[in-house]
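Everything on this sheet refers to the single structure shown next.
The values are calculated or read from the model by the stated rules, or taken from the named source; none is laboratory data. Because the structure is predicted, anything quoted here is derived from the model rather than measured. Don't worry about glycine lacking a Cβ; one is built from the backbone with ideal geometry, like all the others, and counts go over all protein chains shown. The protein model used for the area step is the full one, side chains on, heavy atoms only, and it has no ligands, DNA or RNA in it. Shrake-Rupley method; radii C 1.70, N 1.55, O 1.52, S 1.80 Å.
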Amino acid sequence: MAAAGRVLVYGGRGALGSQCVRYFKARNWWVASIDLAENEDASANVVVAATDSFPEQAEQVTTEVGKLLGEEKVDAILCVAGGWAGGSAKAKSLYKNCDLMWKQSIWTSTISSHLATKHLKEGGLLTLTGAQAALSGTPGMIGYGMAKGAVHQLCQSLAGASGLPSGSAAVAILPVTLDTPANRKSMPDADFSSWTPLEFITETFHDWITGKNRPNSGSLIQVITTGGKTELVAAHL
């Protein structure tokens with residue numbers, strides 16, 4: 001049976017990425033995972049080589065995705081890679097954490113954007129992962145706020161004459177806190193009813209890919225959960 005659609009998940013081994021892989025595979029989609037390790041549930045994998053050189057990593061991923069896809073186009077590229085690190089400007093870990101945040105968020109988002117210019121179908125969808133917190137200052141998590149702020153700017157830039165295929169859209173999700181096992185372990189006393197279930201995100205992606213309630217290209221969409229109910233709210237800068 002032919003696949004219902006084709007999607008690349010950048011960060012396909014993380015909590016949200018793994019959920020995306022399972023969700024789309026269960027609906028008969030061809031799903032490729034791009035990450036530092038393989039996701040056995042995916043239809044195909046591109047394993048990212050760890051390096052301190054951005055051009056090196058970007059070229060490696062771009063080349064391998066090109067070999068994997070050939071002339072085939074994908075319906076969506078979901079960049080759900082990322083991570084969190086705290087620290088103020090005086091923190092001893094500032095330089096190390098900034099470097100990590102840039103690698104996890106800016107490198108992956110930039111590579112995903114370039115892949116979209118090469119492999120996305122006309123009318124396709126690119127999603128990036130920003131953060132609601134980065135809409136304003138983040139003094140206690142400098143590197144994280146800088147990285148996510150850059151992702152927001154990238155998303156807005158992609159709405160212009162950026163080289164994306166005709167009719168396609170770049171949309172950033174800006175979660176507050178995602179309900180992941182790691183977050184529950186690190187914040188066991190938090191109010192989980194204000195955390196966004198991963199299933200909500202994957203269902204939202206599916207809606208947007210299939211044209212249901214898709215925001216305009218360049219949109220920054222806050223994902224706000226209160227009392228177990230999640231809403232999508234566009235950020236207006």
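If you filter the range 51-96 for GluC sites (Glu not before Pro), then keep DSSP loop positions with at most 16 other Cβ within 10 Å, what is left? Numbers along the way, then the final one.
Values: sites: E56, E59, E64, E71, E72; in loops: E71, E72.
When the GluC sites (Glu not before Pro) of the range 51-96 are filtered for loop state and at most 16 Cβ neighbours within 10 Å, E71, E72 remain.
Quick one: how many lysine pairs in the range 1-111 have C-alpha atoms under 23 angstrom apart, if they're 8 or more apart or on different chains? Could you put the intermediate results ahead of the total?
Working: K25/K67; K25/K73; K90/K103; K92/K103.
So the count works out to 4.
Nearest 20 debye, what's the magnitude of the dipole of the chain about its Cα centre given +1 on Lys and Arg Cβ and -1 on Asp and Glu Cβ?
On the way: 19 positive and 20 negative charges, 60 e Å.
Rounded to the nearest 20 debye, it is 280 debye.
Order 180-190, 36-46, 21-31 from most to least packed using the mean count of other Cβ atoms within 10 Å.
Values: 180-190: 11.1, 36-46: 16.7, 21-31: 19.1.
Put in order of decreasing packing, that is 21-31, 36-46, 180-190.
Considering only the other residues whose Cβ falls under 13 Å of the Cβ of I221, what net charge follows from Lys and Arg at +1 and Asp and Glu at -1? Mind showing how you got there, number by number?
Numbers: positive: R214; negative: D207, E231.
Once positives and negatives cancel, what remains is -1.
Expressed as a whole number of Å, what is the distance separating the alpha-carbon centroids of the range 1-42 and the range 108-173?
Comparing the Cα centres of the range 108-173 and the range 1-42, I get a distance of 20 Å.
Would you please name the trypsin sites (Lys or Arg not before Pro) within the range 46-101 that are DSSP coil residues with at most 15 other C-beta atoms within 10 Å of their C-beta?
Working: sites: K67, K73, K90, K92, K96; in loops: K73, K90, K92.
For trypsin sites (Lys or Arg not before Pro) across the range 46-101 that sit outside H, G, I, E and B with at most 15 neighbouring Cβ atoms in 10 Å, the list reads K73, K90, K92.
With all protein chains present, how much of the accessible area of the range 78-229 (probe radius 1.4 Å) comes from carbon and sulfur, to the nearest whole percent? Show your work: numbers first, answer last.
Details: 3810 of 6910 Å².
So the carbon and sulfur contribution to the accessible surface is 55 percent.
Can you give the local net charge around C79? Use residues other than it whose beta-carbon is closer than 15 angstrom to its beta-carbon, Lys and Arg +1, Asp and Glu -1. It would help to have the intermediate numbers written out before the result.
Working: positive: R13, K103, K118, K148; negative: D35, D75.
Residues close to C79 contribute a combined charge of +2.
So what does the Cα-only Debye profile of the chain read at q = 0.09 Å⁻¹, as log10 I(q)/I(0), no solvent term?
-0.35
Taking a label point 7 Å from the Cα of D189 along the Cα→Cβ vector, which residues of the range 77-99 have an amide N closer than 18 Å to it?
none
If I take every Cα pair under 8 Å that is 6 or more residues apart in the chain, average their sequence separation and divide by the length, what percent do I get for the relative contact order?
Working: 468 pairs, mean separation 38.1, N = 237.
It rounds to 16 percent for the chain.
What is the list of residues in the range 146-186 whose amide nitrogen lies under 17 Å from a point 7 angstrom out from the Cα of L36, following Cα to Cβ?
Residues 182-183 qualify, since their backbone N sits under 17 Å from the label point.
Across bins of 10 angstrom width beginning at 0, how are the C-alpha pair distances of the range 1-59 distributed, in whole percent?
Result, from short to long distances: 26, 47, 21, 6, 0 percent.
Keeping every protein chain present and rolling a 1.4 Å probe, give me the accessible area per residue for the chain in Å². It would help to have the intermediate numbers written out before the result.
On the way: 11220 Å² over 237 residues.
For the chain, the per-residue accessible area is 47 Å².
Straight-line reach from K229: which aspartates and glutamates fall under 19 Å, measuring Cα to Cα and dropping same-chain residues less than 8 apart?
Correct list for K229: D179, D191, E199, E203, D207.
What net charge do the residues around W30 carry, taking every other residue with its C-beta under 12 Å from that of W30, with Lys and Arg at +1 and Asp and Glu at -1?
Values: positive: R6, K25, R27, K73; negative: E72, D75.
Overall, the nearby charge balance is +2.
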